Amino acid sequence: MSNAHGGATKDTANGPPVRTQGLTKIFYDENRGEVRAVDRVDLTCQRGEILGLLGANGAGKTTTLRMLSTVLQPTAGRAWVMGHEVRSEPERVRASLGFYSASTALYPKITPRETLRFFARMNRYPSRQVDDRVEELVHRFKIEDYADTRVEKLSSGMKQKVSIARTVVHDPPVLIFDEPTVALDVLNAIELRQFISRLRGEGKAILFSTHIMSEAEQLCDRIAIIHHGEILATGTLDELREATGLHYLEEIFVHYAQVDDPAQAAEEQLR
Amino acid sequence: MAPRQIWTLYIHEVRSALRERSILIGSIVIPLVMYPALLWAGFAGFSFVQGQADRLTSHVAVHGLPDTHRALVDSIESNGRTVVVRWDDDPAAARDEVARGSLDLLVEFRTVSDGDRTLDDNFQATLYYNGAQDRSRGARSRVESAIESYRQGWIDTARRDLDIPNPVWADFAMARSDVATIEESTRFLLAMIVPFLTLIMVALAAFYPAIDATAGERERSTWETLMTLAVPRSHVATAKYLYVATFGAMGGLLNLAALTLSLRWILQPLAGADAQELAQGGLPLETLPIIALGTALLGLFVAAGMLVFAIFARNFKEGQSMITPFYLVIILPAIFVQSPDIEFSVGLALLPVVNVALLLREAIMGSIPLLPGLLTLASMAACVAVAVGFAQWVMRNEEVLLGSSKGGLWSFLKRRIGQWRTTA
């Protein structure tokens, strides 16, 4: 099987586009010693599916996604994106995914059009089709009016559109959204969620991390509850309701995380 | 694939940098306008100060002037800017006035008599001036030259009276003649200052790009965006390195071009015919390729060193404080290279920065020793390779990558050695 990147993906017809097996990340901290940020995480994400990673701040969501995007190397375990192993084929993994988070900002001194062209080229989009693809996205995201204005002069809403276009410019089969709505106002957050839903319709495998319960309820096909680096439960919302006998996702989360005193738990999480 | 990716990354870095005002100023504008501005400002400032000094009137007191030498007062006052008063009171009071600044100079005359061995009416003059006052130093200079001129005239008269012919009198007279052409003298002057200034300009031009390429990415939150590109980290490090090196070398080369043009177009019109030959004795054309090569080598080395230090910085402030020691360390040896006594030896050719400074010096002087020249190339290439390799290795470190590494290069190395010892 090949994709727009001219063979950057392996044949994954028999397997999910994203798969992790015992994925573990241990940090060494001068004060705290060994910190197990992610602990033996097993996940899969299928085509046309949004898998939500639901957890409190510091639960291990970002670390998991950073390992999948090869920004971090796993301490143990393995992970595959479109059949490529994150440790042995990091460039192919990165070519197969688009990564969006609050910490992946745009270059302020270049224009949206230059931004899209740069990311398409660097992410191995066929060079002859780069210009067409850039114009397609400029049109699709309605950024024609400011496509040649420097990013530093754009409003946050405009930047968000460019940032999403940047994430999908190389047409990756896998998309990772790490707490994407965290810095957005309500309208921009709704627009972003609608866009992610459309991407699901296009058959993309999407990993979506959030600590906002309502967001996970609305958007995700399956939800993985992560706490202290461990996946405590994975399933559809209905499956989770059935398994716990609870209705609201917030209650389900508290049930799995075994949090008796949320205030104390939040303090522990911060430590 | 690799060269194309590195090229795309490189162009991306350069494009952003050319739109950054601080980089444009530090890497292009300053190297270009520094010499014209300095020459113009220096010349104008010197002319102004000299004009002001020329207009000043010096107030001079004379004490004990022998009657036979009354004409000396006229000689002192002949410049029209010196007023002489006779001081018949205690000279100590006049010295106090000079110290207070209300009088510019006291000339105290004392008759010298040593039997037959001295001419009649011989005297010794002591000039009391205030070294902390510019106008007092000016008065001393005016009076000294007036007395010297008067003295010469008096001696000539005495010689004629004693019937001593001039050739006899002129025994042990000294004359000097410079066999070097003005062009050679100018080259010598340029050889002393150009390597040092080139190094400063290269370092200055690479300074902001090095911070921009590392701490700037983190401060703008584009570092992680960059890390998710489908290219090896080594390509990112290489492109960043080439970007910093380009700006460093460009700053040095622009600076040299500005120097040559300034000598011809600024100094010559300002100084007139006197500077014509000086202006023509600029950088010798035949050595320009070597000078350009030396400047490029400096750019490559400085960029590598700065990247190694700046890569740990999380923001511009940290970047500045991490690079500054390196900046000072590379500039200091170049100051000593300015001494013409230091030879471009094989040993010094192995010492980075010093070797290129000496290579530039020799090239401007018009001779390039082959072996030290080749050793310079080899030594700089080795240093650059080690530094870039180190930068690539550091960029694979997750702590550094995510900006969570505390401290700079030394802290990082200390931790790594500690970890290595624990593992061993």
* To do: Go through the stretch B:126-159 and count every residue that is hydroxyl-bearing (S, T, Y) and closer than 22 Å to B:G101 by Cβ.
  => 5
* Tell me which residues, restricted to the stretch A:33-67, are within 13 Å of chain B (Cβ to nearest Cβ) and more than 13 Å from A:E230 (Cβ to Cβ). => A:G33, A:E34, A:V35, A:T62, A:L65, A:R66, A:M67
* the stretch A:225-239, subset hydrophobic (A, V, I, L, M, F, W, C) and buried (at least 21 other Cβ atoms within 10 Å of the Cβ), residue nearest to A:V41 (Cα to Cα) -> A:I231
* Collect the residues in the stretch B:42-81 that are within 37 Å of the chain's Cα centre (by Cα) and either at positive phi or not in a helix (DSSP H, G or I) (or both), keeping them in residue-number order. => B:L56, B:T57, B:S58, B:N79, B:R81
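Could you list, in sequence order, all residues of the stretch B:70-91 that are among the aliphatic types (A, V, I, L, M) and within 20 Å of B:D121 (Cβ to Cβ)?
The first filter runs over the stretch B:70-91 and keeps only residues among the aliphatic types (A, V, I, L, M), leaving B:71-73, B:76, B:83-85.
Selection gives B:A71, B:L72, B:V73, B:I76, B:V84.
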* Asked: Can you pull out the residues in the stretch A:49-78 that are in contact (Cβ under 8 Å) with a residue 24 or more places away in the chain and more than 24 Å from A:E215 (Cβ to Cβ)?
  -> A:T70, A:L72, A:P74, A:T75, A:A76, A:G77, A:R78
* **Scope the stretch A:129-151; condition within 14 Å of chain B (Cβ to nearest Cβ), part of a loop (DSSP other than H, G, I, E, B) and touching a helix residue (DSSP H, G or I) at 6+ places or on another chain (Cβ under 7 Å); matching residues** => A:D148
* Based on what the data block shows, is A:Y100 within 12 Å of chain B (Cβ to nearest Cβ) and of a type in the set (S, T, Y)? -> yes
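Show me the strands (runs of 3 or more DSSP E) entirely contained within the stretch A:18-99 in which 3 or more residues are in contact with a Pro (Cβ under 7 Å, 6 or more places away or on another chain). Full working, then the answer.
Details: elements: A:18-29, A:33-45, A:49-54, A:76-81.
Because the criterion is at least 3 residues that are in contact with a Pro (Cβ under 7 Å, 6 or more places away or on another chain), the strands (runs of 3 or more DSSP E) in the stretch A:18-99 that meet it are A:18-29.
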* In this structure, is A:T70 in contact with a strand residue (DSSP E or B) (Cβ under 7 Å, 6 or more places away or on another chain) and either modelled with pLDDT of 95 or more or within 11 Å of chain B (Cβ to nearest Cβ) (or both)? -> no
* Just a yes or no: is a residue in the stretch B:87-96 over 30 Å from A:T115 (Cβ atoms), surrounded by 13 or more Cβ atoms within 10 Å (Cβ to Cβ), free of Cβ contacts under 8 Å to residues at least 12 places away in the same chain and acidic (D, E)? -> yes
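Which residues, counting only those in the stretch B:371-414, are among the small types (G, A, S) and more than 14 Å from chain A (Cβ to nearest Cβ)?
B:G373, B:A378, B:S379, B:A381, B:A382, B:A385, B:A387, B:G389, B:A391, B:G408, listed by residue number.
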* **Subset of the stretch A:115-128 [free of Cβ contacts under 8 Å to residues at least 12 places away in the same chain and either among the β-branched types (V, I, T) or more than 7 Å from chain B (Cβ to nearest Cβ) (or both)]** => A:S127, A:R128
* Asked: Looking at this structure, is A:H255 touching a helix residue (DSSP H, G or I) at 6+ places or on another chain (Cβ under 6 Å) and part of a loop (DSSP other than H, G, I, E, B)?
  -> no
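Would you call A:L51 buried (at least 19 other Cβ atoms within 10 Å of the Cβ), among the aliphatic types (A, V, I, L, M), modelled with pLDDT of 95 or more and out of contact with any helix residue (DSSP H, G or I) (no Cβ under 8 Å at 6 or more places or on another chain)? Working first, answer last.
Values: buried (at least 19 other Cβ atoms within 10 Å of the Cβ): yes; among the aliphatic types (A, V, I, L, M): yes; modelled with pLDDT of 95 or more: yes; out of contact with any helix residue (DSSP H, G or I) (no Cβ under 8 Å at 6 or more places or on another chain): yes.
For A:L51, the condition - buried (at least 19 other Cβ atoms within 10 Å of the Cβ), among the aliphatic types (A, V, I, L, M), modelled with pLDDT of 95 or more and out of contact with any helix residue (DSSP H, G or I) (no Cβ under 8 Å at 6 or more places or on another chain) - is met.
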* Structure fact -> Flagged in the stretch B:11-41 as crowded, with 19+ Cβ neighbours inside 10 Å, more than 11 Å from chain A (Cβ to nearest Cβ) and hydroxyl-bearing (S, T, Y), in numbering order, are B:S27, B:Y35
* To do: Report, by residue number, each residue of the stretch A:212-224 that is buried (at least 18 other Cβ atoms within 10 Å of the Cβ) and not in a helix (DSSP H, G or I).
  => A:C220, A:R222, A:I223, A:A224
* What about A:I164, is it within 14 Å of another protein chain (Cβ to nearest Cβ), surrounded by 22 or more Cβ atoms within 10 Å (Cβ to Cβ) and in a helix (DSSP H, G or I)? -> yes
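Out of the residues in the stretch A:169-203 that are β-branched (V, I, T) and closer than 18 Å to A:N123 by Cβ, state the one that is nearest to the other protein chains (Cβ to nearest Cβ).
The qualifying residue nearest to the other protein chains (Cβ to nearest Cβ) is A:I176.
This table checks each residue for (1) in a helix (DSSP H, G or I); (2) under 30 Å from the mean Cα position of the chain (by Cα); (3) within 14 Å of another protein chain (Cβ to nearest Cβ); (4) surrounded by 17 or more Cβ atoms within 10 Å (Cβ to Cβ).
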{"residue": "B:M174", "(1), (2), (3), (4)": "no, no, no, no"}
{"residue": "B:L204", "(1), (2), (3), (4)": "yes, yes, no, yes"}
{"residue": "B:Y208", "(1), (2), (3), (4)": "yes, yes, yes, yes"}
{"residue": "B:I211", "(1), (2), (3), (4)": "yes, yes, no, yes"}
{"residue": "B:S221", "(1), (2), (3), (4)": "no, no, yes, no"}
{"residue": "B:S234", "(1), (2), (3), (4)": "yes, no, yes, yes"}
{"residue": "B:G248", "(1), (2), (3), (4)": "yes, yes, no, yes"}
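The values are calculated or read from the model by the stated rules, or taken from the named source; none is laboratory data. Bear in mind that the values here come from a model prediction, so they are computed numbers and not experimental data. Don't worry about glycine lacking a Cβ; one is built from the backbone with ideal geometry, like all the others, and counts go over all protein chains shown.
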